[in-house]
Every structure is written in structure tokens, then in C-alpha cells.
Amino acid sequence: MAFARQGVITPEMRHVASVESLEPEMIRQEVASGRMVIPANVNHTGLKPVGIGLAARCKINANIGNSQISSGLDEEVEKLRLAVRHGADTVMDLSTGKGISRIRQAIIEHSEVPIGTVPIYEVVERQPDVRRLTAQMILDVIEEQAEQGVDYMTVHCGVVRKILPMIESRITKIVSRGGALMAQWMLHHGEENPLYTHFDQLLDICVRHDVTLSLGDGMRPGCLHDASDAAQFAELAVLGELTTKAWERNVQVMIEGPGHVPMDQIEMNMAREQEICHGAPFYVLGPLVTDIAAGYDHIASAIGGAIAAWKGASMLCYVTPKEHLGLPHAEDVRNGIIAYKIAAHAADIARKRPQARDRDDAMSRARYAFDWNQQFELALDPDRAREYHDETLPESAHRTAEFCSMCGPRFCAYKLSREVAEKSRELASTLVPGHCPEQAAAAPAP
């Protein structure tokens, strides 16, 4: 941000411009204004910079990480590889179990995409008694993670004491782990949120390592009943205040957004964030548009994500089928990512991003030509597309058949329409321009 405001176009900005098919000067202006962030810790080697903002394609984030009861280093690195392979633009390590630092180091070393974390998880893993936490303990962990190369961090600075009584009318109260931990600390000590009171020291760390702040939504609604309430928007106002403070220090900022929102409230939520947080990129979890899709929450949330991205969100945090139920495995990660790639891509088309629909048009041409290999290459999940196509056709017909197993050769609309088109061209060639023999024959004699 400092370079952008000085008029300097960095290599990271040029890379983003190339990937997004935008002019480097436009990227510089967006970063300078705060409307776009390029999370790129100076300690993260091998990183391919990613631009997150309304001028760019909508990005998706995949969450991975171990828990107290499941997964280890090898499993998390494999989840990282799977996430990147299927199209995650960033990955967050949300580990809460043992060996967090070691797992995170391995993830950063193996990742070419930006890595995010929620530092309070490691703080609590080290000191499980939240009452004994101090501001310095939190800052020390943040500094350590920054030194490792974490590109962006979720910090729950906006959960302040005056907001806590506002949760009384909620069904699910506080569903953010980080938000709940900070609330518990404040109520025990009778003091203000240490991340809020020590925000300047947090910014010092970000400046030293070029860490992007993802200002967490500790008061995000955890069900439709709680959406768009006083607590949610009171926290958003605090995040708008902190955004301005961060920008004064040239620290990049994203704003995290709600988790459960009825469809008719999504557009309003996007507009309100843009206004209150001065156009900073909005990074939303879902949002889920219904609370009863257990086992299918990747679908319920991708519906909301598509609307949110269309109406102003810059990055979507994926949700897997295991949301609300358990720690996701590799196949859950895959399903969550593909659902969100669909949502983000649909929004890019609706927002008319440069070249956003080119792949769709290419797919349509490949389908009409029965070019199965090209169709698989263009699909968001080529392996799944190939698997579904091949499983019900004889191997000899996998790449040559001019039909699929849905309609077969006799009822394939593409095959039939190609014959219709050929006959129509023959008919057109016999007609005099502006004259139709059939109409002339049917017309009454003068």
C-alpha cells in the first residue's frame, strides 16, 4: 500500500494485473485506495501474488487445519495441495490441535497461494485458560506467525465491551470462536478487548512483515434469526474505524462478513459494508441462506455466496458439507471448493469481469462439437466430469461417441439440431432473398 500511494507499481502489482487482464496502473490505484489487497508477507517465498478486490475476479478461500481430535501434518499438507489443485485462491490454516506452529510452517513452505490464520487459536492452545491470557501473549504469537510468513490474519478487534449485551435477543449468541474467546476474556477481566486497545502494536507487526489484516466478524450471525441485528452492525462500525487507522499506517485490510443471512438481506449487507468500511474488500463466509441444510451446507452457502459476490463481496470463504457437523476430510474440501468456484465464477460473469465468460463459450462450442477431451479440460473439476461421463458408456465410446448416456444417439438434441441446421442451410440457399415459396403458395390469388 505504501508503494502504491507513492506511485510505484511493484512486481506483485504487475503480476496481479497480468492474471486479471487489467492495467498495472489500475491495480496500483485500487491498492492505494484500499479497495484491493495483495496479501504477500515478505517472509513467504515462492508466493504467487493474488489480488482481492471488486476490480478483480472474485476469489475463494479454503479452510484447512487440524483439531484436538483429528488430523496431523501430512494430512494438512495434502489438504493444501488438494485445495490449490481444485482452485482455491487462498488457504487458511485454522489448526486448533497439537503442533500448530510445525503444521503452519509446512503449509507455508508448500504453498504458492497466500496463507491466512486466526492467531488466537494458537494462543489458546498454548494457554487453555483464557482468563490468564495477556495482550502480550497474543501479540507474541502474532509476531511469530508473521515471521513464519503468514500473509493475512483474522483478528477479532471489533468485539468490544459495549456490544456484548446486544447478543441477548439472539438464538445462537456468538458463533465465532475468536469472538467468543475475546468476549469471555473481557467479561472475566472487566476490561476492553486487548486487540482493540493494542491495535497500534498490532499494526507495528503488520508493517514490519507486510501482513494484511482480515478484521474478523466476531459477531457474525450464526442463524437466519440473528442476521442483520444490532450486534452485527455495531461491530461493523468498529471495523470501519479500525480500517481507517490501519490505512493511516499503510496496512492492507479486508473485512470479514456474515455467515447466515436470508437471501433478501444479502444485497443490503454488501452495500452497508462498502459504506461503513470505506470500500475495503469484503470477505464473507457463505453466507448460508437456510439453516436446515446439514450435510449440504456447501450448497446452501454457495447460493448465498453467488449473490454476495454479485452484489459486492471480493472473496468467499468456502463451506464444506461437514459444516456444523465435523472436521472436513479431503473429499469434503474438494466438494466445498468446487461449489464455491461455481459461485464465484457465476458472479464474475454477472459483474462482467474481463474475459469471465470466455471459458463458458468455449465449453458450449466443445459440447456442440462432441469434443469430450476439451469439455473435460474446461470443466471446473475435470476429473469428476470425466468420471461421470465414462462410467455409463463402453470404453470404446468414451471419446468418440456423439452422444452421452442420458439421451443416447437417437434422442441427442445436439445431434438432431446439427442435422436440422444442415438442412436449414440447404433450404436457405434455394430461397430468393425476401421471398418464401411456402408463403407465396399459401397466399390467396389477387
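The values are calculated or read from the model by the stated rules, or taken from the named source; none is laboratory data. Remember, it's a predicted structure, so these values are computed and weren't measured experimentally. In this analysis, Cβ positions are derived from the backbone assuming ideal geometry, glycine residues included, and neighbour counts consider all displayed protein chains. Surface areas here come from the heavy atoms of the whole protein model, side chains and all, with no ligands, DNA or RNA. Shrake-Rupley method; radii C 1.70, N 1.55, O 1.52, S 1.80 Å.
What ranking do 145-153, 8-16, 384-392, 407-415 get when scored by the average of other Cβ atoms within 10 Å per residue, highest first? It would help to have the intermediate numbers written out before the result.
Values: 145-153: 24.0, 8-16: 17.8, 384-392: 13.9, 407-415: 12.3.
In descending order of packing, they fall as 145-153, 8-16, 384-392, 407-415.
Taken one residue at a time, the phi angles of the range 368-374 give Karplus couplings (6.51, -1.76, 1.60, θ = phi - 60°) of 5, 8, 6, 8, 5, 4, 5 Hz. Gly and Pro are set to x. Over all distinct Cα pairs, what is the inverse of the mean 1/r for the range 1-78, reported as the Kirkwood hydrodynamic radius in Å? Result for the range 1-78, one decimal place: 14.1 Å.
Along its principal axes, the range 121-189 has C-alpha extents of 41, 25, 19 angstrom, given from the largest down.
Which percent of the accessible heavy-atom area of the range 1-70 goes to carbon and sulfur, probe 1.4 angstrom? Summing carbon and sulfur atoms, their accessible area is 54 percent of the total for the range 1-70. Each residue, His110 and Phe3, gets one label point 7 Å from its Cα in the Cβ direction; the gap between the two is 2.9 nm. At an R0 of 35 angstrom, the distance between the Cβ atoms of Thr392 and Glu75 translates into a FRET efficiency of 0.60. Which of the lysines could a cross-linker span from Lys79 if the Cα-Cα distance has to be under 18 Å and same-chain partners fewer than 8 positions apart are dropped? Straight-line reach from Lys79, under 18 Å: Lys98, Lys322, Lys341. Counting Cα-Cα pairs of the range 346-385 in 5 Å increments starting at 0 gives whole-percent bin shares of 6, 25, 26, 20, 16, 7. Among beta bridges identified by DSSP and lying wholly in the chain, the antiparallel ones come to about 5 percent. For the chain, modelled as a GNM whose springs connect Cα atoms under 10 angstrom apart, the maximal fluctuation among Met263, Met406, Met137 occurs at Met406. Listed by chain and number, the aspartates and glutamates placed with their C-alpha closer than 12 angstrom to that of Lys415 are Glu402; residues fewer than eight positions away on the same chain are left out.
The candidates Val289, Val253, arranged from most to least accessible area with a 1.4 Å probe in the full protein assembly, appear as Val289, Val253. The mean sequence distance of close C-alpha pairs (under 8 Å, at least 6 residues apart), as a share of the length of the range 367-432, puts its relative contact order at 25 percent.
Taking a ≥ b ≥ c as the square roots of the Cα gyration tensor eigenvalues, with a/c under 1.5 meaning rounded and otherwise prolate when a/b beats b/c, else oblate, which class fits the range 315-402?
Working: a/c = 4.08, a/b = 1.28, b/c = 3.19.
Here the range 315-402 falls in the oblate category.
The amide H of Gly257, built 1.01 Å from its N in the peptide plane, has Tyr283, Val284, Leu285 as neighbours under 5 Å, considering only residues 5 or more places off or on other chains.
Taking only protein heavy atoms and a 1.4 Å probe, the accessible area of the range 308-409 is 53% carbon and sulfur. Using a simple spin-label model with pseudo-atoms 7 Å out from Cα toward Cβ, Arg399 and Tyr414 lie 1.6 nm apart. Based on C-alpha pairs under 8 angstrom that are at least 6 apart in sequence, the range 227-382 has a relative contact order of 17 percent.
For the listed peptides 169-181, 275-287, a ranking on the average number of other beta carbons within 10 Å per residue, highest first, reads 275-287, 169-181.
What does the helix-only formula give at 222 nm for the chain: each DSSP H stretch with n ≥ 4 adding -39500 (n - 2.57), the total divided by the residues, and the result rounded to the nearest 500 deg cm²/dmol? Please list the in-between numbers first.
Values: 20 runs with 222 residues, N = 446.
When only DSSP H runs of four or more count, the value is -15000 deg cm²/dmol.
Summarising the label geometry, the points placed 7 Å from Cα in the beta-carbon direction at Asp200 and Thr45 lie 3.6 nm from one another.
In whole percent, and with a 1.4 Å probe on the protein chains, what portion of the accessible area of the range 130-220 is carbon and sulfur?
Values: 1820 of 3610 Å².
Reported share for carbon and sulfur atoms: 50 percent.
Run the dipole for the range 222-301 about the Cα centre, Lys and Arg Cβ at +1, Asp and Glu Cβ at -1, nothing else charged, and hand back the magnitude in debye, nearest 20. The partial results should precede the final answer.
Working: 3 positive and 12 negative charges, 57 e Å.
That gives a dipole near 280 debye.
Over the chain, Cα pairs under 8 Å with separation of 6+ residues give a relative contact order of 14 percent.
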